[in-house]
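Q: Before I ask anything, here is the structure I am working with.
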Amino acid sequence: MLKTIIKREILEYLKSAKFVSGLLITVILTTVSTAINVQDYTMRHQDYLDAKKELKSNGFEISMFREPQVLSTLVRGKDRDLGNFLKFSVMNIPSRLTGYQDVEQRKYPSFSGFPAVDFAFLVRVVLGLMVVFLAYNAVSEEKSNGTLKLVMANALPRDKLLLGKLVSGLAVVLSSLLISAILAFLILLFHRAVSLSGADGLRIAGMMAVSALYLSVFYALGLFISVKADRPATALMILLQTWIFLVIIYPNLSVTLAEHLCPLPSEEALQRQYSAVYQKYSDAMKRANEAFDKNPRQFVEIWSTIAAENRKIDQEFARRQTQQMKWAEFLSALSPAPLYDQVMNRLARTDVREYERFMEGVNRLWQKHVERSRLRYTDPEAYKKTVLPDFSYRSDSAVDSLAATWPQGLVLLLFSLILFVLAYTGFLRKDLR
């Protein structure tokens, strides 16, 4: 009996214009957006390779480049917005990267903003809306037409009917997700400029799993509202308003609340702190500059000290900025959309954490550069023999990323189960007259 219900519901979905149009729109947008993002990644990666060949250390300044993430083709996150290039010296270590290429970014860029049109956006918005339009009348339309009463008159258990609607709806929704994912994956697989590793395959599998959980939440929500509402129009209006609140309004509200709970110092306040550092060492700087020919080591010492002091100011700002971001993540945890974004960005390594690890690696290399520069004036022979180590930083492995994101996936699963239980209990008590 359950198989008959599932088969009937799936056929009804497949024949509906809303499913066909939704799938068609999703396929077209997936093809276009993935192709555009692959082209963007190709250009950025080639710029990265060219820049590494052309710009080398001249002994005083060292150029650093951040390689674009290959999975930014699916989840752009903040990979592009946070820049890719910096130069540091003994006298200065920038706190932020500049842009693509030589396009100056704001010193402290915002971590919020409009998302890019990528695969994650298509799942969160386009397929999310498709779920809304498929689920809103799952029960309410049959109740409004009177067919639900006739169906239940045949001694059909209510639990099997609702379970059949859930399974069939999820089968249709997840098949749409699978088609889109396969299409995007094939574009990446056969593009000559994109090279995917086995770890990237594991990350993509994790993305598909969390995408399925995200869509399941909204289908269970739609089923619950369809059970509670007696008219399809009422169910659609409530579901759309709920979707808009959860996907658009609440995440932005959480960011605003986080900004008030953990405010950041203004640009003017930061400049005053930098000025205080320079003022503190102004006399020593003057003496070091005047005595450079006789005592160049003093010049290195004072300027590296100033750079380290300024770095502490930048690190404190970064700490407060990270705290603000964590508050925003905590406050937005009641909505499935921010949870989904957090997981996708972490799996694609296009989140702010990956960027911060890169900057920590830059700071370690700067410290080695300062130590080597001191040898130039204390032990010239050791200086000639000393070579800066290759730049490296600890990036998340695929296992690390999956281990870090399973709590968000568990929350999405709990959301789905709770909403289905609510729909189930509501349907058992529903008056079918």
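Q: Mind checking which residues of segment 304-353 are among the basic types (Lys, Arg), within 25 Å of Ile248 (Cβ to Cβ) and at pLDDT below 90?
A: Those that are among the basic types (Lys, Arg), within 25 Å of Ile248 (Cβ to Cβ) and at pLDDT below 90: Lys326, Arg353.
Q: Of the residues Ile187, Ile238, which single one is in contact with a Lys or Arg (Cβ under 9 Å, 6 or more places away or on another chain), surrounded by 14 or more Cβ atoms within 10 Å (Cβ to Cβ) and of a type outside the set (Gly, Ala, Ser)?
A: Ile238
Q: Further question on the same structure: The conditions are (1) in a helix (DSSP H, G or I); (2) over 22 Å from Phe427 (Cβ atoms); (3) in contact with a helix residue (DSSP H, G or I) (Cβ under 6 Å, 6 or more places away or on another chain), and Ala209 fails exactly one of them. Which is it?
A: Unmet condition: (3).
Q: Out of the residues in segment 225-244 that are touching a residue at least 24 places away in the same chain (Cβ under 8 Å) and within 29 Å of the chain's Cα centre (by Cα), which is nearest to Val411 (Cα to Cα)?
A: Here the answer is Trp243.
Q: What are the residues in segment 245-269 that are free of Cβ contacts under 8 Å to residues at least 60 places away in the same chain, polar (S, T, N, Q) and assigned to a helix (DSSP H, G or I), if any?
A: Thr256 - this is the single residue of segment 245-269 that is free of Cβ contacts under 8 Å to residues at least 60 places away in the same chain, polar (S, T, N, Q) and assigned to a helix (DSSP H, G or I).
Q: Can you run down the residue pairs with Cβ atoms below 6 Å, 6 or more apart or on separate chains, where the first is in segment 10-23 and among the basic types (Lys, Arg) and the partner is crowded, with 17+ Cβ neighbours inside 10 Å and part of a helix (DSSP H, G or I)?
A: Going by the 6 Å Cβ cut-off, the qualifying pairs are Lys18/Phe133.
Q: Would you say Ser397 is crowded, with 16+ Cβ neighbours inside 10 Å and under 28 Å from Ile93 (Cβ atoms)?
A: Criteria not met by Ser397.
Q: Quick one: which of Gln298, Gln323 is assigned to a helix (DSSP H, G or I) and farther than 23 Å from Lys280 by Cα?
A: Answer to the check: Gln323.
Q: Taking Leu236, is it more than 30 Å from Gly146 (Cα to Cα), assigned to a helix (DSSP H, G or I) and either among the hydrophobic types (A, V, I, L, M, F, W, C) or at pLDDT 95 or above (or both)?
A: So Leu236 does not fit the description; no.
Q: Is it the case, given these coordinates, that Arg346 is free of Cβ contacts under 8 Å to residues at least 60 places away in the same chain, within 24 Å of the chain's Cα centre (by Cα) and farther than 26 Å from Val387 by Cα?
A: yes
Q: Next up: Please tell me if Leu264 is within 20 Å of Pro94 (Cα to Cα) and surrounded by 15 or more Cβ atoms within 10 Å (Cβ to Cβ).
A: Taking the combined requirement at face value, the residue does not satisfy it.
Q: Does segment 358-376 contain at least one residue that is surrounded by 18 or more Cβ atoms within 10 Å (Cβ to Cβ), modelled with pLDDT of 85 or more and not in a helix (DSSP H, G or I)?
A: no
Q: The conditions are (1) modelled with pLDDT of 85 or more; (2) more than 25 Å from Phe224 (Cβ to Cβ), and Ser112 fails exactly one of them. Which is it?
A: Every listed condition holds for Ser112 apart from (1).
Q: Under the condition of being β-branched (Val, Ile, Thr) and assigned to a loop (DSSP other than H, G, I, E, B), which residue from segment 377-394 is surrounded by the most Cβ atoms within 10 Å (Cβ to Cβ)?
A: Result: Thr386.
Q: Here's another thing I want to ask about it. Of the conditions (1) over 30 Å from Glu259 (Cβ atoms); (2) surrounded by 20 or more Cβ atoms within 10 Å (Cβ to Cβ), Asp341 satisfies every one except a single condition; which number is it?
A: In the conditions (1) over 30 Å from Glu259 (Cβ atoms); (2) surrounded by 20 or more Cβ atoms within 10 Å (Cβ to Cβ), Asp341 misses (1) alone.
Q: Also: Between Thr425, Thr405, which is surrounded by 16 or more Cβ atoms within 10 Å (Cβ to Cβ) and part of a helix (DSSP H, G or I)?
A: Testing whether each residue is surrounded by 16 or more Cβ atoms within 10 Å (Cβ to Cβ) and part of a helix (DSSP H, G or I) leaves just Thr405.
The values are calculated or read from the model by the stated rules, or taken from the named source; none is laboratory data. All of these numbers come straight from a predicted model, not from anything done at the bench. All Cβ positions, glycine included, derive from the backbone under ideal geometry; neighbour counts span all protein chains shown.
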